[in-house]
Amino acid sequence: MTWNLPNTLTVLRLLAAPGVALMFLYFHRPWADWLALALFIGAAVTDWFDGYLARLWKQESNFGRMMDPIADKAMVVIALVIITGYSGMNPWLILPTTVILFREVFVSGLREFLGARAGLLRVTKLAKWKTTAQMVAISVLFLGTGLEYLEGIALQGMTAGEYSEAVTLGLEPAIRTCGSLGCATTATLIGLVLIWIAAILTAITGMDYFIKALPFLRDEK
């Protein structure tokens, strides 16, 4: 491979995927949440830049074409596993996460089966929107888990009613709210809506790839 800037950005994004998980191993929360969020957003931004620069500078390569989707999938899969665990296995998150993980494994299997004909499953514009939706949703969900942890520290074992009374008496600082809901709840709800949208787009693109591969899956008579 040629170590140009686009390929370097792709490799850095691939390394950032396990780096998101390592934040929770080496740092305490909520620092782990904020660092994971910053690393994930930084890596997601390179997803746009490496492709754009490769086309602009005419530095597109087979290495980049192979590693770019792998880096994207690694980022999404690892981040979703972490968020699902720290969200208390929220069923509203588990279902879209399952759809996304199943699709990624399924399409990877199709590409492996097709071998040299895998070019038939080129990344479509809808697939790019799918990836963007996934990364935005995951970023918002990371924000939600970090804020939820901070709110949990503030409550210190008290119920919401007890904490509200303590705030009224001036014994505890008020948790910053976002409208009628806490910021953590607001961020989590927005993240869940976005991840469901991403899951729907993911399922549609997976079906599109399957239809394109279907003629090659039939046994010859």
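Odds and ends about this structure:
- Candidates E165, E220: the one that is open to solvent by 80 Å² or more (accessible area, probe 1.4 Å), modelled with pLDDT under 85 and part of a helix (DSSP H, G or I) is E165.
- Flag if A127 is at pLDDT below 90, open to solvent by less than 40 Å² (accessible area, probe 1.4 Å), within 30 Å of T186 (Cα to Cα) and over 13 Å from the mean Cα position of the chain (by Cα): yes
- Residue check for W48: open to solvent by 50 Å² or more (accessible area, probe 1.4 Å), without any contact (Cβ under 8 Å) to a residue 24 or more places away in the chain and not in a helix (DSSP H, G or I): no
- Per the conditions (1) in a helix (DSSP H, G or I); (2) modelled with pLDDT under 85; (3) surrounded by fewer than 20 Cβ atoms within 10 Å (Cβ to Cβ), the sole criterion not satisfied by I204 is (2).
- Tabulated pairs, region 31-45, first aliphatic (A, V, I, L, M), second outside any helix (DSSP H, G or I), C-beta under 8 angstrom, 6+ apart or interchain: L35/F27
- If only residues of region 51-100 that are part of a loop (DSSP other than H, G, I, E, B) and among the small types (G, A, S) are counted, the one that is most open to solvent (accessible area, probe 1.4 Å) is G88.
The values are calculated or read from the model by the stated rules, or taken from the named source; none is laboratory data. In this text, all values refer to a predicted model and were calculated from it rather than measured experimentally. Glycine also receives a Cβ, built like all others from the backbone with ideal geometry; neighbour counts cover every protein chain displayed. Surface areas here come from the heavy atoms of the whole protein model, side chains and all, with no ligands, DNA or RNA. Shrake-Rupley method; radii C 1.70, N 1.55, O 1.52, S 1.80 Å.
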